[in-house]
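We did not get these values from a lab; they are worked out from the coordinates using the rules stated. Not measured: the values here are computed from a predicted model. Glycine also receives a Cβ, built like all others from the backbone with ideal geometry; neighbour counts cover every protein chain displayed.
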């Protein structure tokens, strides 16, 4: 029996509109009621994950910032953390500004940006459908480095960098990859999401990477929870679609990827389920657990 299922959100549990289908909610809730913990393991911020965890009935733990944070939902406490030092974050974002690259900063409290573009625009549109308490917190400021320098309570989980021009994007990724104590997510394809404007679907497409401290990974956060809960890796199932899911898919007792995922992720998976627009998460859980 699988005692824990760790599930990614974007491109995995969420469809292209950023929604969890009613059927997927039903399957997840039934599985939790039968004794298998389902935890969200996402690159998103804590607040953004919290509202979705509530939707699906996941009330124990969650993993944010690609493994930078393990959060206890019941006690509202961070149990495990690997943050980017403020000085290093400022160096990274100043380099982005000098190269005219769009970036935003994920802290333990919000997403900090200077404008609504790419992923931040997607979260903003997603927020319009949510009540205030469930919105992803977005902080727009004129001078991000100055804000980061002066902030006191917020800690930096990751820096999200994106651009529509692949050649410009690749050059900045190469620059950051040469810094020894950082991990730069190797994403080989564009992010493709959809927002609605009235009755019209508007695609949001961009190349992106995510910068975190060395050895920040969803799997290491899962291992922390396994140790805490006395769970063996053979009792863990993971579901994801992207490079930030690769290690947890490779190392878990059962690693599942979505149809159409990155080839390097698919090749380490034990099973390929349907894509995120055809309820692949629900189908995988029904096949192997319920």
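Under a Gaussian network description of the chain, with springs only between Cα atoms under 10 Å, the residue in 63, 148, 256 that fluctuates furthest is 148. With 0.36 nm allotted per residue and the present C-alpha distance subtracted, the residue 267-residue 205 stretch has 19.8 nm of extension available.
Using the 10 angstrom Cβ neighbour count as an exposure proxy, how do 243, 190, 4 rank, fewest first?
Numbers: 243 19, 190 14, 4 22.
Arranged by neighbour count, lowest to highest, 243, 190, 4 become 190, 243, 4.
Highest GNM mean-square fluctuation among 95, 110, 180, for the chain modelled with Cα contacts below 10 Å: 180.
What's the FRET efficiency of residue 286 with residue 60 using the Cβ-Cβ distance as r and R₀ = 35 Å, to the nearest 0.05? Present the calculation step by step, with values, prior to reporting the outcome.
Details: r = 22 Å, r/R0 = 0.62.
According to the calculation, E is roughly 0.95.
Between residue 94 and residue 130, the simple spin-label model (points 7 angstrom out along Cα→Cβ) gives 3.3 nm. Among 113, 41, 133, which one moves the most in a GNM of the chain with springs linking Cα atoms closer than 10 Å? Highest fluctuation among the options: 133.
Which FRET efficiency value, to the nearest 0.05, do you get for residue 180 and residue 77 by plugging their Cβ-Cβ distance into 1/(1 + (r/R0)^6) with R0 = 25 Å? Walk me through the numbers on the way to the answer.
Numbers: r = 32 Å, r/R0 = 1.26.
So the FRET efficiency works out to roughly 0.20.
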